[in-house]
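The values are calculated or read from the model by the stated rules, or taken from the named source; none is laboratory data. Everything quoted here is computed from the prediction, not taken from an experiment. So basically every Cβ, Gly included, is an ideal-geometry build from the backbone, and we count neighbours across all protein chains shown.
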């Protein structure tokens, strides 16, 4: 009986694998010196064969199963019709449900890890700010989760994913089938989705729920980037309104264009430009959107009092807890194992076993970024700056986010090495040349390196990934310039232009309107006092004597 059960399981697995991988290539005809293998007639399995199988006896199960050999057998397969008993249909349906269940669990756990990244952001940003603003900074990082989720549930998810169509890894997500398009150049170009408002109607669907959770925590990551740049002078009410607008409109709109069936995603299918804009886990969609929005906010809200002298020289304003900063960086690095590998949206079929490569690529790039940032600061200033070393780690992770599913480990290290230097140079440029006050370096970590990650796909994608045989509706694997496809780099540059041009402009205009309506910045006397009492009503550290600086 065990042999029959094993043979049946093997046949079912082979059928599933064959369906996922597509037809096998035609075999090569044998040479004259070879002898063709004898043809063996395929055995037909019927419901009668299935009925002949039985699980362990009740007495055996009553004795316990310390070895795990009698748990999870044919007796555990649900029967669709008790009168008919177990059928081939029941077995095959169980195989399909197991595959989708694996993908559900994988994607949900990855989403839980990304949600925990909020704690990392909160620690990094609060530690890099002064103690007199710790409560205010922590509360922004705490409530950006709630206000962002509210906006995304109400309308943001529908705009982003309402027209994404079927996602095979999650069982289809068929209800997400309505995309508003514009007919241009003879093609229908997606602009925004229209299904999924408040997850009502047909979007009350188990697959849609998995997609919502995973995409929501990504959106929230983008929103919390802005709080770092505007910290220590952002009015709390304005923060709430700005974050709601970003979660409802700004982020979902670009995310639709890149991931939800929009025009950037279909550049390949519509115009033959590579495989369309390819951003595996969000260097552009999440980090660059957050980074360019932070840039717009930094320009609009202005520098902190005392940041610049009368002649424009930048003054350093140290944070109050470097231990908290580095702990936060470790939390973020841990969460990134959900961010990048989780973006397969599954662990079974459709090339999803590449999650191992994605995880390794992620950790290698972070390591490389921390090394080059540390060495750069050590060489330039004589000491290995701790905060910039942490930012180097994050920069490497941001940069590998888009290419993580398309590149090899060597390329990942190169991407990370460049990111570590880029973040240091960018911080100096933003601080001293642009004279934009960014207390945590968010513009450089997420903006500059988010854009670098997008470009890196167009350079380093090696063409070996195989996610169901196509990407963005174009057959074959994403391949960059260094591996023979210059058009992919063009698709990535179009994405960069959209981020810098459209997203930055939209973010600036929307936040300008908020500024005119309710004001973005706190009163000068409140900023000098520290925002904990004026804005929050309580000090983060009531038992400590705080410096006036």
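Numbers below:
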| quantity | calculated |
| --- | --- |
| From the options 300, 332, 364, residue that is at pLDDT 95 or above, part of a helix (DSSP H, G or I), under 24 Å from residue 131 (Cα atoms) and in contact with a helix residue (DSSP H, G or I) (Cβ under 7 Å, 6 or more places away or on another chain) | 332 |
| Count of region 381-421 residues which are closer than 22 Å to residue 466 by Cα and more than 21 Å from the chain's Cα centre (by Cα) | 1 |
| Meets criteria (loosely packed, with under 14 Cβ neighbours inside 10 Å and touching a residue at least 60 places away in the same chain (Cβ under 8 Å)) for residue 185 | yes |
| Matching residues, region 121-150, being over 17 Å from residue 320 (Cβ atoms), touching a residue at least 12 places away in the same chain (Cβ under 8 Å) and either surrounded by fewer than 24 Cβ atoms within 10 Å (Cβ to Cβ) or in contact with a strand residue (DSSP E or B) (Cβ under 9 Å, 6 or more places away or on another chain) (or both) | 142, 143, 145, 147, 149, 150 |
| Residues (in contact (Cβ under 8 Å) with a residue 60 or more places away in the chain, farther than 19 Å from residue 334 by Cα and part of a helix (DSSP H, G or I)) located in region 344-361 | 352 |
| Flag for residue 70 being surrounded by 15 or more Cβ atoms within 10 Å (Cβ to Cβ), outside any helix (DSSP H, G or I) and either at pLDDT 95 or above or over 22 Å from the mean Cα position of the chain (by Cα) (or both) | yes |
| Test result for residue 260, at pLDDT below 95 and either within 19 Å of the chain's Cα centre (by Cα) or farther than 18 Å from residue 121 by Cβ (or both) | no |
| Of the criteria (1) modelled with pLDDT under 95; (2) farther than 25 Å from residue 103 by Cα, which one residue 351 fails | (2) |
| Leading residue by the ranking (surrounded by the fewest Cβ atoms within 10 Å (Cβ to Cβ)) among those in region 308-325 that are farther than 14 Å from residue 441 by Cα and within 32 Å of the chain's Cα centre (by Cα) | 323 |
| Single condition residue 208 does not satisfy, out of (1) closer than 16 Å to residue 151 by Cα; (2) more than 13 Å from the chain's Cα centre (by Cα); (3) touching a residue at least 24 places away in the same chain (Cβ under 8 Å) | (1) |
| Residue in region 199-213 that is buried (at least 21 other Cβ atoms within 10 Å of the Cβ) and within 17 Å of residue 290 (Cα to Cα) present | no |
| Helices (runs of 4 or more DSSP H) (entirely within region 437-549) containing at least 3 residues that are out of contact with any strand residue (DSSP E or B) (no Cβ under 6 Å at 6 or more places or on another chain) and farther than 22 Å from residue 358 by Cα | 486-498, 504-518, 524-529 |
| Yes/no for residue 4 being part of a helix (DSSP H, G or I), surrounded by fewer than 11 Cβ atoms within 10 Å (Cβ to Cβ), at pLDDT below 80 and out of contact with any strand residue (DSSP E or B) (no Cβ under 6 Å at 6 or more places or on another chain) | no |
| Among the candidates 472, 449, 511, residue that is within 25 Å of residue 134 (Cβ to Cβ), surrounded by 15 or more Cβ atoms within 10 Å (Cβ to Cβ) and in contact with a helix residue (DSSP H, G or I) (Cβ under 8 Å, 6 or more places away or on another chain) | 511 |
| One residue from 80, 52, 85, 111 being crowded, with 17+ Cβ neighbours inside 10 Å and in contact with a helix residue (DSSP H, G or I) (Cβ under 8 Å, 6 or more places away or on another chain) | 111 |
| Spans of helices (runs of 4 or more DSSP H) in region 202-283 with at least 3 residues within 30 Å of residue 319 (Cα to Cα) | 206-229, 236-245 |
| Given (1) more than 30 Å from residue 529 (Cβ to Cβ); (2) in contact with a helix residue (DSSP H, G or I) (Cβ under 7 Å, 6 or more places away or on another chain), number of the condition residue 165 does not satisfy | (2) |
| Some residue of region 457-466 being within 21 Å of the chain's Cα centre (by Cα), in contact (Cβ under 8 Å) with a residue 60 or more places away in the chain, under 30 Å from residue 302 (Cβ atoms) and surrounded by 23 or more Cβ atoms within 10 Å (Cβ to Cβ) | no |
| Some residue of region 416-423 being crowded, with 20+ Cβ neighbours inside 10 Å, more than 17 Å from residue 336 (Cβ to Cβ) and touching a strand residue (DSSP E or B) at 6+ places or on another chain (Cβ under 6 Å) | no |
| Where a residue in region 513-533 is without any contact (Cβ under 8 Å) to a residue 24 or more places away in the chain and its partner, wherever it lies, is surrounded by 19 or more Cβ atoms within 10 Å (Cβ to Cβ), with Cβ under 8 Å and at least six apart | 526/535 |
| Complete set of residues in region 152-182 that are touching a residue at least 40 places away in the same chain (Cβ under 8 Å), over 21 Å from residue 222 (Cβ atoms) and outside any strand (DSSP E or B) | 165, 168, 169, 170, 171 |
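Yes/no matrix, rows are residues, columns are (1) assigned to a loop (DSSP other than H, G, I, E, B); (2) surrounded by 24 or more Cβ atoms within 10 Å (Cβ to Cβ); (3) touching a helix residue (DSSP H, G or I) at 6+ places or on another chain (Cβ under 9 Å); (4) modelled with pLDDT under 95:
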| position | (1), (2), (3), (4) |
| --- | --- |
| 371 | no, no, yes, no |
| 377 | no, no, yes, no |
| 387 | no, no, yes, no |
| 391 | no, yes, yes, no |
| 398 | no, yes, yes, no |
| 405 | yes, yes, yes, no |
